[in-house]
Every structure is written in structure tokens, then in C-alpha cells.
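Participant: Take this structure, written in C-alpha cells, and hold onto it; I'll ask about it next.
The values are calculated or read from the model by the stated rules, or taken from the named source; none is laboratory data. Computed from a predicted structure; not experimentally measured. Virtual Cβ from ideal backbone geometry, glycine too; neighbours counted across all protein chains shown. Side chains are part of the model used for accessible areas, which takes the heavy atoms of the whole protein and leaves out ligands, DNA and RNA. Shrake-Rupley method; radii C 1.70, N 1.55, O 1.52, S 1.80 Å.
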Amino acid sequence: VRTISEERETRGILQRQVMWRGSLKFLKSCRLRQCSTAARAPSSFLPGVLGGAVAGAGAAACVLTLKKDPLSEALERMPDKVILVRHGESEGNADHTLYRTKADNLIELTEKGSEQALRAGERIKKIIGDDKVHMFISPFQRTLQTARNARRAFEDQILHTSVTPQIREQEFGNLQGKDFKRFRQEQNAVGRLYYRFPTGESGCDVYDRTKSWWEHTVMRINERPKSERCDAVVVITHGLTMRLILMQLNGWSPHTFHTIWNADNCAIYILRKDLSKYGNSPYILSKEGDLINSSTTVMVKLKTGEKKALLLKDYLTIPQPRTMQHDFVAQMLRQQHGIDPSTVEHIDFFGGKFSKYM
């Protein structure tokens, strides 16, 4: 027969155990990355929270490793780098009339393009070192042939190869006639992003499928069950596709997109993972890769009333929001055109196209 004091002691132990389990469950639900009880709470606080189960010196030695935020874990698992590569010189690059007689997807590399692809592979090998690689390739012949040559330099490091229609070239439609030159002129007037070729695609169409590929495939590439971790992604694709990938990652406006030049054949852009970057795609453009050229025509109004249409180079170096950086651009105009910033009254970043409410 137990005494009253023994019964009370037993109930007290059970109550403390219940409080401990409840408190631990609450703390885990907070999704803190790591909680050291010694660092986050004085020992005098713990008996109240944990029902006296941990106290004093024991509190200082107790470290609770709690569940990480699922998004943070997913970002950490993403590949360390993404390498974008434009195909080598193609038959179509060498002869612009070829599109009238040969389907775009069947156009192959030139001999020069094949050599460019081999050298690109050597460059990629230096960038990735011993990293494990997943390759994504546009299904067009010129990109397949570029990948065939480039991968020789790191063949034994490739975990998987995906031939991916989502990153193919923009569909220009049926170009058997002589209308392509006129279509190009119309495209220049409307804008590469918005103009839709008859029976073809607009740049926005390519943007949509490229963004879908990035979010549903690249961002989840290391989420596949029982698959070895991929350290680097190598993408063999087309110039427009590369620009649209960078547009959605960097939040470029349509205006900024239109200032970006097409990449050279076998140009390489390198994206490095940076978890400090805002947003769900933690990649920043690295200076290790080729330079991205950008330029636009601005209309500069001087205090004398004179207006000058000037080519502004290196537009991408302007901090965002770019069209609000009057003083920064005025200094660029000094460097590029010798204009004194104090003489500048106004800079129209759209070259005088939209002056109605200025």
C-alpha cells in the first residue's frame, strides 16, 4: 500500500513527462533551424517550459536540433551551378537563306561549329572539376551535335542526359517563302519578346515553356528518389532561350530583355548558387563566364533644350530599377560620350517612343 506522499510523487512525475512531451512537440512545430537551449534560454526559464525536466547545468548541455524549413532544405539540395551553352556555329548561321529550304530543327553544325563545341567542352570541364553533371539538350540537330562534342571532355561525370523540347529554339513557323525578311522587320518594330511569327511562336511563348522547365525540372532535380546528387547542370540550347532563362531568374523587365544581345556561338554563361539571394531560384550570374552585352538608345535632353539620341552601352550594369537611375546613367554618358552630367536635364530610357506624359 502506497502512502499519500508516494501517490503525489508518482502523479508529479507523470505530469512532468506529459509537459515535457507537449513542450517538445511545440518547439519542433516552430521549424527553427537549430535551437541551443543554452544559447536561446537561461536555465531559469527551462523548468517552466519543460516542466522541470531540464534545469541548471543540464540545460547548458542540452541542444535540440529541430526540423528545418522544407523550402530551405530544398534550396540547399539544388545543384551548385548551372551552365548555359549556346550551340556552335550552324549552317543557318553561315547561310541565312537556308531556312527557306531546310527545316530549322534539321540544321546542323558547320566544321567551325564542331570545333567550337569541342573547345566549349574543355572550358566546361575546367569549370565543373569533378562535379557530377546532369545535361539538358534541345532536340535540334545543332544542339545535339554541340552536346556530342562538348561532353567528350567530361563524359564519365554525366549522371543523366535529358533531351528536352521545352528548351528548343523559338518556332519561326513555315519559312519556305521569301517573307522571312519582312517578318524580321515586323519583329524589330514590335519587339522580340512580343512578336509572334505566323504559324510560329512569340518570345513570350518561349518564356512560358522555359520558365515551366526551370521550375518543374531544374529546381527539383535533386528531389528524385534514390538518385545520386547532381552538382552541376549543363544546358545546351539556343541564344534566345538563354536570355529568357536569365530574364526570369533576374526579374528583367521586357525593356531590359530587349537590350540584351544574343550570345555568340558556344558562349557560356555560369549561374552560381547563392542562398542569400532573394526568391526561390538562388542563382546569380558569375563573372567566370562570358560577358553579356547589352545596349539601348536613350534620348538625352540637355538644359540648352537640345536633344540627342545616344547609344548607351553596358545597360545591364545599371542598378535596378534601371529607368530610375538618372544620376548613375548621367555618369555613364560622361564616360561613353563626354557629356557633362550637370548639363543633362532629362534622360528618356525609351528613346522617345513614349513621351506623351513626360
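Participant: Can you run down the residue pairs with Cβ atoms below 6 Å, 6 or more apart or on separate chains, where the first is in segment 234-263 and of a type in the set (Gly, Ala, Ser) and the partner is open to solvent by less than 10 Å² (accessible area, probe 1.4 Å) and part of a helix (DSSP H, G or I)?
Facilitator: 263/239; 263/242
Participant: Got at least one residue in segment 135-150 being open to solvent by 30 Å² or more (accessible area, probe 1.4 Å), in contact with an Asp or Glu (Cβ under 9 Å, 6 or more places away or on another chain), part of a loop (DSSP other than H, G, I, E, B) and not polar (S, T, N, Q)?
Facilitator: Scanning segment 135-150, I find no residue that is open to solvent by 30 Å² or more (accessible area, probe 1.4 Å), in contact with an Asp or Glu (Cβ under 9 Å, 6 or more places away or on another chain), part of a loop (DSSP other than H, G, I, E, B) and not polar (S, T, N, Q), so the answer is no.
Participant: Restricting attention to segment 185-234, which residues are part of a loop (DSSP other than H, G, I, E, B) and farther than 20 Å from residue 254 by Cβ?
Facilitator: Within segment 185-234, 198, 199, 217, 224, 225, 226, 227, 228, 229, 230, 231 meet the criteria.
Participant: Does residue 91 count as within 20 Å of residue 241 (Cβ to Cβ) and open to solvent by 50 Å² or more (accessible area, probe 1.4 Å)?
Facilitator: It is true that residue 91 is within 20 Å of residue 241 (Cβ to Cβ) and open to solvent by 50 Å² or more (accessible area, probe 1.4 Å).
Participant: In the set 121, 113, which member is touching a helix residue (DSSP H, G or I) at 6+ places or on another chain (Cβ under 8 Å), part of a helix (DSSP H, G or I) and either open to solvent by 60 Å² or more (accessible area, probe 1.4 Å) or without any contact (Cβ under 8 Å) to a residue 40 or more places away in the chain (or both)?
Facilitator: 121
Participant: I'd like the full set of residues that are open to solvent by less than 20 Å² (accessible area, probe 1.4 Å) and in a helix (DSSP H, G or I), limited to segment 244-282.
Facilitator: Answer for segment 244-282, where residues must be open to solvent by less than 20 Å² (accessible area, probe 1.4 Å) and in a helix (DSSP H, G or I): 244, 245, 246, 247, 249, 256, 257, 259.
Participant: If you don't mind, there's one more thing I want to ask. Using the structure shown, decide if residue 161 is of a type outside the set (Lys, Arg), assigned to a strand (DSSP E or B) and open to solvent by less than 70 Å² (accessible area, probe 1.4 Å).
Facilitator: Yes.
Participant: Would you be able to tell me the number of residues in segment 318-347 that are in contact with a strand residue (DSSP E or B) (Cβ under 8 Å, 6 or more places away or on another chain), outside any loop (DSSP other than H, G, I, E, B), open to solvent by less than 80 Å² (accessible area, probe 1.4 Å) and over 19 Å from residue 256 (Cα atoms)?
Facilitator: Final tally of qualifying residues: 5.
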